[in-house]
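Undergrad: Let me give you the structure first, and then I'll get to my questions.
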Amino acid sequence: MLDNNFTKEFSDNIKFSYSCFDRIIVRGYITGLFCEANVIKMLRNLGFTSHGNGIIRLLAEQLSTHITKRANQLGIPVIWRATIGGKSVSMQDFVEQNYLKKGQFGAICIIKAMENVRSFWNKEITTQSGKKHLQMYSCNKPVSQYYIYINDFELGLCYLKISSYLPNHCQFYCNGHYYLARQFDKRGVNYKMEDNAFVEVEDLGLLKSLVSDFKGSIIENRIELHWDNWFRFSKGERSVRSRLLHHQWYTSQTEVCNNVVFKQKAYFERVFDKLLEKHHSMGVPDKLQEVFGAQRQFKESKTVQSRFHTQACIKHWFKSNSIKMYNKGGRLLRVETTINNPGLPGAKLQKPLCYLQGYYWYGLRCNNRFSDTLAQVDVSQLNNSHAFYGQAIVNKKGKRIAAPDLRQNKQIELISLLLSSRFSAEWFQTKDLKRLLSDHFSKTAEIRYQMGKLLERGLLEKRQHANYYRVTKEGYVWLYVAYSQIRFFADPLLSKIYKNNLAKKSKLFDKLENAINEIYGGLNTIYQQINIAA
């Protein structure tokens, strides 16, 4: 479905591909409540003769009372954010695990939190003549925030965030993948999701049409429905809201992603390693200028490397917007453009929600231009003859044995120790490894588990009727090549040059890649000769 050079280059190894919105954050503002004078005028129009702190607090209490009453009517809990764990605990994950039920639509849970937000307050001023009067001012203060989680009939899981104090800024979150999943459920289309991504879809034509027809009006209609139910002020037996307190909705953050699902996990992981090598240089401003379609160069750009769960992730920033690439779920390549600032060079997107489709088409073009650069990697050195060692297997007893995870530093340290000369001439026990790997493994059982992966693949052998092990000839071949490629040639060489000489990196990268290809060629020659000798 994606039209770029990368999907064309690897078409024989790709199962399918698609693009869609991912995260969408919309913010709601009451028009005009951005300065003190307008707030005072609005309070007078509401019938208040004063704009004191008591009036502001009264409105906040009425709003909070209505939300609590509404939650009690629906039988849903109101939970304090602090009771579900620290900041490391995702509120969305908590709600999905505890309150999201298939077939149950509407509000399912409310999480209450205290956050520092912009609000208005008053202080008493005494003039030189001794007269006193209230002066309103804008400030940041801790205010109650209500995250109302909703399993929407059209959008899937989303939330409406309401700030209890004036100017009552609201926020709405939804996810394009949840929207597509909901539409598939309504139409009876079979699909499979893994880690917020589709790995199987029965009707790709429907997927494409749903994405291209997705508009801001779909979100706005659902927002208005939920906002009308929750943003009201309790007056005792009934709750009301003045027409003066009407929100306008604007796009705050959007994520547009390209997803490429590969047929074989082991093959894609080798391709992804090559992509990481290639794209250490993408942070140079002139390269990002092309990806984002800018007319001129900008200095506000940088590249960061991090981990997404257990996978490597490279993220490029450009004028507060970003594009990132990561391995999602082991066999899916995701390229994702995040738009925080719509004043993009060459785009100038509009903030009102009705212009949402423009964000999708711009993000899709950025993703495709980025993917075109991915097609330039040289995968001729990828060796498929030993893919067996990088895949999960099932042993004779029918038990699934995971592949050695060479992304983990402790696994690399174990391989390094097995290749050392002290274990090449004699058998060894697990306790011998534990003594030397105490900084990386806390328990002997962990080492035994990692060794089991090598043992089941014939890379280690065990002495009959004894707990002694040694590396096989085939094990030395694979462990040596795998360790050398990862430890010496994958990251350190490129990372050192990237950090020390970023400005010249772009011009020198092609020469560097050619040199690395020669090294890989030499490694393959060594591998073949060792294999012949073995």
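The values are calculated or read from the model by the stated rules, or taken from the named source; none is laboratory data. From a predicted model like this one, the values you see are computed outputs, not experimental measurements. Note: ideal-geometry Cβ built from the backbone for every residue, glycine included; neighbour counts use all protein chains shown.
Undergrad: Show the residue pairs meeting these rules: Cβ distance below 7 Å; 6+ apart or different chains; first residue within segment 74-91 and surrounded by 10 or more Cβ atoms within 10 Å (Cβ to Cβ); second residue aromatic (Phe, Trp, Tyr) and part of a strand (DSSP E or B).
TA: Met91/Tyr147
Undergrad: Ok, one more. Give the number of residues within segment 196-214 that are charged (D, E, K, R) and surrounded by 14 or more Cβ atoms within 10 Å (Cβ to Cβ).
TA: 2
Undergrad: So Ile111 passes all but one of these: (1) at pLDDT 95 or above; (2) under 23 Å from the mean Cα position of the chain (by Cα); (3) surrounded by fewer than 16 Cβ atoms within 10 Å (Cβ to Cβ). Which condition number does it fail?
TA: Ile111 satisfies every listed condition except (3).
Undergrad: Starting from residues that are closer than 18 Å to Trp249 by Cα and among the hydroxyl-bearing types (Ser, Thr, Tyr), keep the ones in segment 18-50 and report whichever is modelled with the highest pLDDT.
TA: Looking at the filtered set, the residue picked out is Tyr29.
Undergrad: Further question: For segment 399-436, what are the residues that are of a type in the set (S, T, N, Q) and farther than 23 Å from Ala466 by Cβ?
TA: If the condition is that a residue be of a type in the set (S, T, N, Q) and farther than 23 Å from Ala466 by Cβ, then Gln408, Asn409, Gln411, Ser416 are the ones that fit.
Undergrad: Of the numbered conditions (1) without any contact (Cβ under 8 Å) to a residue 40 or more places away in the chain; (2) in contact with a helix residue (DSSP H, G or I) (Cβ under 9 Å, 6 or more places away or on another chain); (3) basic (Lys, Arg), Lys235 satisfies every one except a single condition; which is it?
TA: All conditions are met except number (1).
Undergrad: While we're on this one: Within segment 471-493, track down each residue that is small (Gly, Ala, Ser) and modelled with pLDDT of 75 or more.
TA: Of everything in segment 471-493, those that are small (Gly, Ala, Ser) and modelled with pLDDT of 75 or more turn out to be Gly475, Ala482.
Undergrad: Okay, next question. Test Gln128 against the stated conditions and say whether it is under 30 Å from Asp185 (Cα atoms) and surrounded by fewer than 17 Cβ atoms within 10 Å (Cβ to Cβ).
TA: no
Undergrad: Mind checking which residues of segment 424-441 are part of a loop (DSSP other than H, G, I, E, B) and within 17 Å of Ile412 (Cβ to Cβ)?
TA: Leu437, Ser438, Asp439, His440, Phe441, listed by residue number.
Undergrad: Hey, among Lys443, Lys505, Lys434, which residue is more than 22 Å from Asn395 (Cα to Cα), in contact with a Ser or Thr (Cβ under 9 Å, 6 or more places away or on another chain) and modelled with pLDDT of 80 or more?
TA: None of the other options fit; the residue is Lys434.
Undergrad: Here's something else I'd like to know. Quick check, is Ile519 surrounded by 11 or more Cβ atoms within 10 Å (Cβ to Cβ), among the hydrophobic types (A, V, I, L, M, F, W, C) and at pLDDT below 70?
TA: In short, yes.
Undergrad: Of the residues that make up segment 229-245, is at least one part of a helix (DSSP H, G or I) and buried (at least 20 other Cβ atoms within 10 Å of the Cβ)?
TA: There is at least one residue in segment 229-245 that is part of a helix (DSSP H, G or I) and buried (at least 20 other Cβ atoms within 10 Å of the Cβ).
Undergrad: Is segment 194-208 home to any residue that is under 30 Å from Asn38 (Cβ atoms), in a helix (DSSP H, G or I) and touching a residue at least 40 places away in the same chain (Cβ under 8 Å)?
TA: no
Undergrad: Return only the number of the condition from (1) hydroxyl-bearing (Ser, Thr, Tyr); (2) within 25 Å of Asn368 (Cα to Cα); (3) modelled with pLDDT of 95 or more that Tyr173 does not satisfy.
TA: (2)
Undergrad: Okay, next question. Are any residues in segment 330-373 under 30 Å from Arg407 (Cβ atoms) and charged (D, E, K, R), and if so, which ones?
TA: Arg331, Arg334, Glu336, Arg369, Asp372
Undergrad: Answer with yes or no whether Leu225 is within 16 Å of Tyr18 (Cα to Cα) and either in contact (Cβ under 8 Å) with a residue 24 or more places away in the chain or out of contact with any strand residue (DSSP E or B) (no Cβ under 7 Å at 6 or more places or on another chain) (or both).
TA: The answer is no for Leu225.
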